[in-house]
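Colleague: Please see the structure below; I have some questions.
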Amino acid sequence: MNTPSRNVTRDYSAGAVAGRFARAIGIVLIFSIAGPLTIAALISLIVVGFGTALLQMFLALLELEALRTIVSVAIVLLALATMLAAFLPSVAAGLIFALAAVYGGINMIWMAWLAAAIAVAGFVVFGIFLVPSESSAVILPDVRSARQALTLSAILAVLAVIPASLCWWLAKPLHRARIAA
């Protein structure tokens, strides 16, 4: 069976090159803003969902109503720390997906998932080799073995599916755009 080949001529005019570059930058920006916000919301929902019953039990048992405010502040701080930790992997995932979508023509949702998994794995591997000092603002996982790196990469990649899907959906007008030849 002969399949027709797709004859695609790429426009290399200055406007087309600038348009593709602008689309790629837009995709990276969407991933770098929506990704950390989504992962922070997801982690906060998981913590609140699993911890609410346990926290209510402790508060009722120990009669420590003053802890409610501290717990609320702790959840907000967790969300902020999660957003900071997710920023660099989100930018990396956005860059990988933008290159694949705009320049490679691979703009399927599985590519966004793969980009997120690659960014997470790179982030974890980077944490193996670089140990930031205590005064550093860099947030990296403390990975001590290959097994721990694989486990952490797998868990974080599964968690990154929802933010990557949302970012893919938000960036759909940019990665589906066609520039006339």
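Colleague: Would you please state which residues of the stretch 66-105 a label at Val47 would reach in this model, taking the label point 7 Å out along Cα→Cβ and a backbone N cut-off of under 18 Å?
Modeller: 67-88
Colleague: Please return the longest range in the chain lying between exposed loop sites, taking trypsin sites (Lys or Arg not before Pro), DSSP loop only, at most 12 other beta-carbon atoms within 10 Å, and leaving the sites out. It would help to have the intermediate numbers written out before the result.
Modeller: Details: sites that count: Arg6, Arg10, Arg144, Arg176, Arg178.
Between the exposed loop sites, the longest stretch runs 11-143.
Colleague: Then there is this: Ignoring ligands, DNA and RNA, what percent of the accessible area of the stretch 37-112 is carbon or sulfur (1.4 Å)?
Modeller: On the way: 3800 of 4620 Å².
That share works out to 82 percent.
Colleague: Next question, about the same structure. Hey, can you find the accessible area per residue of the stretch 69-166 for me, probe 1.4 Å, expressed in square angstrom?
Modeller: Numbers: 5720 Å² over 98 residues.
Value returned for the stretch 69-166: 58 Å² of accessible area per residue.
Colleague: Also, I was wondering about something else. For the chain, find the longest principal axis of its Cα atoms and tell me its angle to the long axis of helix 109-129, 0 to 90°, nearest 10.
Modeller: In the chain, helix 109-129 runs at an angle near 60 degrees to the longest axis.
Colleague: Another one. Okay, helix-only estimate at 222 nm for the chain: each DSSP H run of n ≥ 4 adds -39500 (n - 2.57), divide by all residues, round to 500 deg cm²/dmol; what do you get? Intermediate results must be reported in sequence, preceding the final value.
Modeller: Numbers: 6 runs with 130 residues, N = 181.
About -25000 deg cm²/dmol.
The values are calculated or read from the model by the stated rules, or taken from the named source; none is laboratory data. Quick caveat: nothing in here was measured; it's all calculated off a predicted structure. As a convention, Cβ positions derive from the backbone with ideal geometry for all residues, glycine included, and neighbour counts pool all protein chains shown. Heads up: the accessible areas ignore ligands, DNA and RNA and are worked out on the full protein's heavy atoms, side chains in. Shrake-Rupley method; radii C 1.70, N 1.55, O 1.52, S 1.80 Å.
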